[in-house]
């Protein structure tokens, strides 16, 4: 038996409510223990209009309304990684609902890299202390009577995690739907060879394991957004990394593909905020908060 078979509890199926933010193609999840009122929130979204620099909490309020309507208790507000395509609503959700915030322990590497890139001052701690919990490979956590298990799945970013909860795994950007493929690896700290190894961790879970994605972009020929697949479907059908694709073939494909991709629209504001656990940079002497645009630093 594969040693990771024991990580997936097919007898425990969490109740999962999906929320979709179409402007950023992001799925957020409320994961509930069906035997209690305990839940976790995974990969929340703070609405952000880049043109005006304005934020809104409509997406987060939809999650709050659902949790209050169902009288749930939030134990965790989890991030799969430091997102480059949307801002996290974790501080607002924490303020409204409680719960501990969590992310991968390698957040410190991301903070160091982007702290330098954005010339963040000494007030910006690069030790992950903005989060309540820094997770490492193999760590476990509880959502009521559900046990969560942490897989460190870097490659897209150094801090990427996948959360195994009951019969489900939440993979962040590591995998997309089989007809769309896999995450890009050209951000600072990304690495295609590392991503290939991380994907093999996920694909070593039992075939029936449900995979919940962070994004979907509707591959050509598909009319609807989809947020769920399985390990078995990914093994057989993923266009980038199905069974039989070697590490060398994957790295060549991923490297060549990444060279053609433009940077995500919201990468500059997103990373500045998300490396701070969703908090904005400190206000300047005039009381105004600003987000920086490093000119030509990330030019491809």
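What follows is calculated from the coordinates using simple rules that are stated; it is not laboratory data. Note that the structure is predicted; figures quoted are calculated from it, not measured. With ideal geometry, Cβ positions are generated from the backbone for all residues, glycine too; neighbour counts draw on all protein chains shown.
Data table
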{"read-out": "Complete set of residues in segment 244-258 that are in contact with a helix residue (DSSP H, G or I) (Cβ under 9 Å, 6 or more places away or on another chain) and either touching a residue at least 24 places away in the same chain (Cβ under 8 Å) or more than 18 Å from residue 197 (Cβ to Cβ) (or both)", "value": "247, 250, 251, 254, 255, 258"}
{"read-out": "Selected residue [under 23 Å from residue 160 (Cβ atoms) and surrounded by 15 or more Cβ atoms within 10 Å (Cβ to Cβ)] from 21, 33", "value": "21"}
{"read-out": "Hey, residue 72 under 16 Å from residue 21 (Cβ atoms) and either crowded, with 19+ Cβ neighbours inside 10 Å or under 16 Å from the mean Cα position of the chain (by Cα) (or both) or not", "value": "no"}
{"read-out": "Hey, residue 179 touching a residue at least 24 places away in the same chain (Cβ under 8 Å), touching a strand residue (DSSP E or B) at 6+ places or on another chain (Cβ under 7 Å) and part of a loop (DSSP other than H, G, I, E, B) or not", "value": "no"}
{"read-out": "Test set (1) under 30 Å from residue 221 (Cα atoms); (2) touching a strand residue (DSSP E or B) at 6+ places or on another chain (Cβ under 7 Å); (3) buried (at least 21 other Cβ atoms within 10 Å of the Cβ); (4) in contact (Cβ under 8 Å) with a residue 60 or more places away in the chain - residue 185 fails condition number", "value": "(2)"}
{"read-out": "Those residues of segment 192-216 which are surrounded by fewer than 22 Cβ atoms within 10 Å (Cβ to Cβ), assigned to a loop (DSSP other than H, G, I, E, B) and under 17 Å from the mean Cα position of the chain (by Cα), in sequence order", "value": "216"}
